[in-house]
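Read-outs: derived from the displayed coordinates by stated rules, not from any lab. Computed from a predicted model, the values in this text were never measured in an experiment. A quick note on method: Cβ atoms are made from the backbone with ideal geometry, for glycine too, and the neighbour counts reach across all protein chains shown.
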Amino acid sequence: MKQAEAPPSGKWTGPSHAGVKAPDPILLADPAKRFAATAQRLKHLAAGHPMEAWLRFMAALAYAQHVVATTLAPAAVLTSTMVAQATEARLPPLAADGHRRESSWREGLLLLLDHIDSSELPPAAVEAIEQLRHRDAATLDTLADHFLRGVLAASDAGAAVFVAAALQVYFTGSAARLQIDDLRLLEERALCPCCGSPSVSGLVTASGITPGTRYLYCSLCSTAWNHVRAVCITCGGTRELFLQGIEGDAGVVKAETCGECHTYAKRLYQVHDMQVDPYADDLASLGLDILIAEAGFARHAQNPLLLVGDSEVVAE
Ligand SMILES: [Zn+2]
Ligand SMILES: [Zn+2]
């Protein structure tokens, strides 16, 4: 099944002929639901999973994110002029590596740490939490900058998951305050129209006005945007795309591999499970990543909660 290319701007003017519905180009997340949904799904997926303990930790982390998102609700408020200037220059208004964060992201981080039960955490994680609590504002901001630019020092890898989680809450809250009509898809369609980050996974819808539509979900600000299905999100190639999954599973999660650029991206099928979550199901299908990596494909972009030990983490 092939779908028409979405319009190049976020301003969709309506179907070109009667009876044909076009997918919404951009969907903003609801911060009050986004992290709770991921937490609940992770808990469900953890039961009996080979990585149960780790998935339960990630569920607890998502729940701590939910608490921060719904109580402190850290966010930047951009004026419509700022948003217009960015979109006219074809830039994401909340550019992850350029946006000047409000200090509330750091308060969000501390509140997040308060809601992590460290009694069952490995000693290294407990130590990372303790260190984060005692770092000054400038150090935390440098840590966040390094994380967002993909140049985190190896010695900070233990803190990365908590910094990433706090930044997700902040950027999700910030994106949710934007007006959808002010936003435009970027020319680089693989990147988020709000913050310019890569996606964590793509979800093919089974409900709504345009079932069968692929939405990519931002790894940082949780915005979803439409991306045509029959095209590699990394190189735009169409000739050597294959869907690969784990034999005998429910078919919810597949890897879309591209033989042209040797990358892959996850694709999730709502039609096989209406509860599928772009964040939780990506984490719980780490086994598929390992299989696809063994077959010689590189993931299009890392899940930011998994940066520990990643090649993007560079030595000091
Ligand atoms: Zn984003
Ligand atoms: Zn490709």
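Numbers for the structure displayed
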| quantity | calculated |
| --- | --- |
| Rounded FRET efficiency, nearest 0.05, which uses the C-beta distance separating D182 from S103 and R0 of 30 Å | 0.75 |
| In Å, descending, principal axis extents of the Cα set of the chain | 59, 51, 34 |
| Estimated vicinal HN-Hα couplings, Hz - region 232-237 in sequence order (Karplus 6.51, -1.76, 1.60; Gly, Pro = x) | 5, 6, 8, 10, x, x |
| Residues of region 151-188 with amide N under 18 Å of the 7 Å Cα→Cβ point at E127 | 153-163 |
| A89-S119 FRET efficiency (beta carbon distance; Förster radius 51 Å; 0.05 resolution) | 0.55 |
| 222 nm mean residue ellipticity, helices alone, for the chain (DSSP H n ≥ 4; -39,500 (n - 2.57); rounded to 500) | -11000 deg cm²/dmol |
| Cross-link reach list, aspartates and glutamates versus K254, counting only Cα pairs under 18 Å and skipping chain neighbours closer than eight places | E240, D273, D277, D281, D282, D289, E294 |
| Student exercise, region 87-224 dipole from Lys, Arg, Asp, Glu Cβ charges, in Debye to nearest 20 | 440 |
| Most to least packed among 293-304, 38-49 [average Cβ atoms within 10 Å] | 38-49, 293-304 |
| Efficiency of FRET from Cβ geometry, D136 and S207, R₀ 35 Å, rounded to 0.05 | 0.15 |
| Contour minus Cα-Cα distance for L27 and L110 (0.36 nm per residue) | 27.0 nm |
| Dipole axis of region 31-180 (+1 Lys, Arg; -1 Asp, Glu on Cβ), positive-most option in P93, A46, V169 | P93 |
| Extent along principal axes [Cα atoms of region 67-167; Å; largest to smallest] | 49, 31, 21 |
| Extension gain, M274 back to H44 (0.36 nm per residue minus Cα-Cα distance, nm) | 81.5 nm |
| Taking only Cα atoms of region 202-263, radius of gyration then Dmax in Å | 12.7, 33 |
| Virtual spin-label span in nm between R149 and A250, 7 Å along Cα→Cβ | 4.3 |
| 5 angstrom amide H check on T263, placed H, neighbours 5+ away | C258, A298 |
| Kirkwood-based shape ratio for region 189-313, expressed as Rg/Rh from alpha carbons | 0.93 |
| Amide H within-cut-off set for S201, under 5 Å, with H built and near neighbours excluded | Y217 |
